[in-house]
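A.B. asks: Take this structure, written in structure tokens, and hold onto it; I'll ask about it next.
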């Protein structure tokens with residue numbers, strides 16, 4: 001019985017690791033955004049930045065700072081990733097712009 005339980009736990013751990021590797025290999029945390037033109041580089045006009053950043057920063061407790069940096073990034077990159085956080089791989093410019101300290105500049 002103990003061997004069966006140990007084998008079951010091992011199988012569950014392996015399945016979990018496999019699922020994590022598959023999700024990571026997609027680069028979107030498991031989300032798939034087929035319409036790259038809607039979110040990708042150059043998909044926005046600078047006049048659309050305030051509304052897109054408002055959507056992006058909607059759920060953060062640091063709304064003012066999020067809006068400031070999001071709009072700065074949006075004006076430069078002309079894109080804002082989908083969702084409230086993450087998904088930055090959809091917009092490489094937004095993802096790769098770093099602070100002087102090397103941290104992410106864009107929320």
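Read-outs: derived from the displayed coordinates by stated rules, not from any lab. This structure is a prediction, so every number in the text was calculated from the model and none was measured. All Cβ positions, even for glycine, are placed from backbone atoms using ideal geometry, and neighbour counts span all protein chains on display.
A.B. asks: Using 1/(1 + (r/R0)^6) with R0 = 22 angstrom and r between the beta carbons of residue 63 and residue 85, what's the FRET efficiency to the nearest 0.05?
C.D. replies: The value I calculate is 0.95.
A.B. asks: Per Stokes-Einstein, at 37 °C and 0.692 mPa s, what whole-number D in µm² s⁻¹ belongs to the range 33-107, with the Kirkwood radius over Cα pairs as the hydrodynamic radius?
C.D. replies: For the chosen part, D equals 273 µm²/s.
A.B. asks: What distance in nm separates the simple spin-label points at residue 13 and residue 45, each placed 7 Å from Cα in the Cβ direction?
C.D. replies: 5.6 nm
A.B. asks: Still on this structure: Listed highest first by mean packing, meaning other Cβ atoms within 10 Å per residue, what order do 90-99, 70-79 come in?
C.D. replies: Top to bottom by mean Cβ count within 10 Å: 70-79, 90-99.
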